[in-house]
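Read the structure below first, then the notes.
Just so it is clear, none of the values below were taken in a lab; they were calculated from the coordinates. Remember, it's a predicted structure, so these values are computed and weren't measured experimentally. As a convention, Cβ positions derive from the backbone with ideal geometry for all residues, glycine included, and neighbour counts pool all protein chains shown.
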Ligand SMILES: NC(=O)c1ccc[n+]([C@@H]2O[C@H](COP(=O)([O-])OP(=O)(O)OC[C@H]3O[C@@H](n4cnc5c(N)ncnc54)[C@H](OP(=O)(O)O)[C@@H]3O)[C@@H](O)[C@H]2O)c1
């Protein structure tokens, strides 16, 4: 059974965990306060879920989700992520994360910053474009009319395929935006941002989009 390692047990981390166990995955979930703070969540998630340290979640995960505020990614342990496929849910909120010059100037993307911090992992942007509470309830079987589509971006093709397969099992069509440098197309203040779209609608909203200055 595939195990999903989850860093962050807040809105995104807990809801990806719910969707994952509902679809037959095991999860090891972690946060900044330690495993004992996750007793209630793990009880709710059932036998397929365990709480662990950040290192334990990374080590257990065939896919590892990073679902912590962008301003905290510098605290992630670099060596533990070697060769891991990392799903990055981050978005940039300066009021929360502090101002980041490379994002303000559009020289980089949030996922490129994570990839730079974790140079030996394969970062794939995922889950940044859906409100957390929708994740366990919006999935539909493949082929259903009106199936929701989620975007991904990444520099490693094989890793993107693994993430796309995971999203498909959770009930989502997938649009590959290209490399991490293109992930701005679904970041904050873009037309597609957290909008419920089908694959065709998502393609249209992300194609001729203007990259605005971050405010
Ligand atoms: N909320 C949404 O609907 C949504 C949608 C798309 C994307 N996003 C993006 O996804 C990211 C996470 O958002 P969220 O709403 O899930 O945040 P959140 O509810 O505030 O949860 C953040 C989690 O990160 C943990 N954390 C913080 N620093 C950590 C560290 N160094 N090591 C391990 N765990 C750490 C916190 O641990 P403690 O619990 O111990 O404090 C908490 O569990 C953000 O970039 C956000 O913008 C959010």
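Brief remarks on what is shown
- On the stretch given as the range 42-55, residues that are more than 10 Å from the ligand (Cβ to nearest atom) and under 13 Å from residue 8 (Cα atoms) total 3.
- Residue within the range 60-73 that is in contact with a helix residue (DSSP H, G or I) (Cβ under 9 Å, 6 or more places away or on another chain), under 18 Å from residue 126 (Cβ atoms), more than 10 Å from the ligand (Cβ to nearest atom) and part of a helix (DSSP H, G or I) present: no
- Tallying residues that are buried (at least 16 other Cβ atoms within 10 Å of the Cβ) and in contact with a strand residue (DSSP E or B) (Cβ under 8 Å, 6 or more places away or on another chain) within the range 182-198 yields 6.
- Conditions (1) over 21 Å from residue 200 (Cβ atoms); (2) within 12 Å of the chain's Cα centre (by Cα); (3) assigned to a helix (DSSP H, G or I); number of the one not met by residue 167: (1)
- Pick from the range 116-134, criterion in a loop (DSSP other than H, G, I, E, B) and under 18 Å from residue 188 (Cα atoms), ranking: farthest from the ligand (Cβ to nearest atom): 126
- Single condition residue 90 does not satisfy, out of (1) more than 9 Å from the ligand (Cβ to nearest atom); (2) in a loop (DSSP other than H, G, I, E, B); (3) surrounded by 23 or more Cβ atoms within 10 Å (Cβ to Cβ): (1)
- Residue in the range 94-112 that is more than 19 Å from residue 190 (Cα to Cα), within 16 Å of the ligand (Cβ to nearest atom) and touching a residue at least 60 places away in the same chain (Cβ under 8 Å) present: no
- Residues in the range 1-36 that are closer than 17 Å to residue 69 by Cβ and not in a loop (DSSP other than H, G, I, E, B): 6, 7, 11, 12, 13, 14, 15, 16, 29, 30.
- Neighbours by Cβ (under 7 Å, 6+ apart or cross-chain): first from the range 6-24, touching a residue at least 40 places away in the same chain (Cβ under 8 Å); second in a helix (DSSP H, G or I) and away from the ligand (no atom under 13 Å from the Cβ): 18/45; 19/170; 23/169; 23/170
- Residue pairs whose Cβ atoms lie under 7 Å apart, sitting 6 or more positions apart in sequence or on different chains, and linking a residue in the range 185-196 that is over 18 Å from residue 154 (Cα atoms) to a partner that is part of a loop (DSSP other than H, G, I, E, B) and more than 13 Å from the ligand (Cβ to nearest atom), are 189/212; 190/209; 191/209; 196/148.
- Selected residue (only one of 49, 89 is touching a residue at least 60 places away in the same chain (Cβ under 8 Å) and within 22 Å of residue 137 (Cβ to Cβ)): 89
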